[in-house]
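Every number in this text was worked out from the coordinates using simple rules, so none of it is lab data. None of these values were measured; they are calculated from a predicted model.
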Amino acid sequence: MLLKNSQNVKMNSFLRKCFHQSLPYLLLICPFLLLGQGKLTIYAQGVKWHREVPREIDPESVIALNWTRFKLKQISDSILKFKNLEYLDISWNPNLDHTQAIEVISKLQKLKGVSFEFNELNDIPNEVLLLKQLKWLSFNNNKLKKVNPCLTELTSLEVLVLGYKGSRIDIGNKIEEIPEEFHDLKELKELRF
C-alpha cells in the first residue's frame, strides 16, 4: 500500500495522537513509515523493495526512516542523501558496527532522534558524542549494565530511553544507577531506565 497524499489519509485518533506527541513511537508502530514535507507515505511490510527507498521518492522529502531488522552491518554514506532526515530507527540490528554507524549518521545535520533498541550492545559507544544535536535517543533493550557518562554531554537531549518499567512489564537493560551528572542536562525532560 502506497499513500502519497496526506489529505486522503484518515488516521485514527491513536495514530494522530502518537504522530503529534512522539514520532519515534509511531515509527515503532508502523514499521515502514516515511514522512516527507507535508506527505505521509506508508510502505506495507513484506514488499520486495523493503530494503531500499523506491526511485519515485525524493530523498530530501524523507524525514524519518525505520531500518529495523535489516541485518545491517554498516550504514553507507548514501544515507546522507536524506538531508532532512530527523528520525532514524536502526533497532534489531545486532551485527551493526555502531561506531561506524554513529560516525556516518552524525553528518545528518537535522537528525533529532535515533533508536538503537534490541542491538545487543554491552556498552554505549563514546562516538555517541558526535550526535550533539539529538533531542531523542533510545538504547532500550540492550545488555547495558551501566550508563556511559559521555551521554551527559548531549546537552540538547530531551528524552533518553534506557529501559521501560510498567505496572506489569519490566523490559530494558540492567542499569541500576544513573550518574549524578545527568542532573546537569537542563533540556532533559524524560529519563527512562
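Going through the cross-link list Lys112/Lys189; Lys83/Lys107; Lys112/Lys145; Lys110/Lys135; Lys135/Lys186; Lys71/Lys174, which pairs have a Cα-Cα distance over 21 Å in this structure? Each step should come with its number before you reach the end.
Values: Lys112/Lys189 15 Å; Lys83/Lys107 9 Å; Lys112/Lys145 25 Å; Lys110/Lys135 11 Å; Lys135/Lys186 12 Å; Lys71/Lys174 25 Å.
Distance filter (> 21 Å) returns Lys112/Lys145; Lys71/Lys174.
Any idea what the relative contact order of region 107-162 is, in percent, if you count C-alpha pairs under 8 Å spaced at least 6 apart? Kindly include the intermediate steps, with their values, before the conclusion.
Numbers: 93 pairs, mean separation 22.5, N = 56.
Once divided by the residue count of region 107-162, the mean separation gives 40 percent.
Cα convex hull, region 56-114: 75 Å³ per residue, rounded to a whole number.
Amide H to amide H, with H built 1.01 Å from N, Lys146 comes under 5 Å of no residue 5 or more places away or on another chain. Straight Cα distances below 16 angstrom link Lys81 to the aspartates and glutamates Glu52, Glu56, Asp58, Glu60, Glu103, with same-chain residues fewer than 8 positions distant left out.
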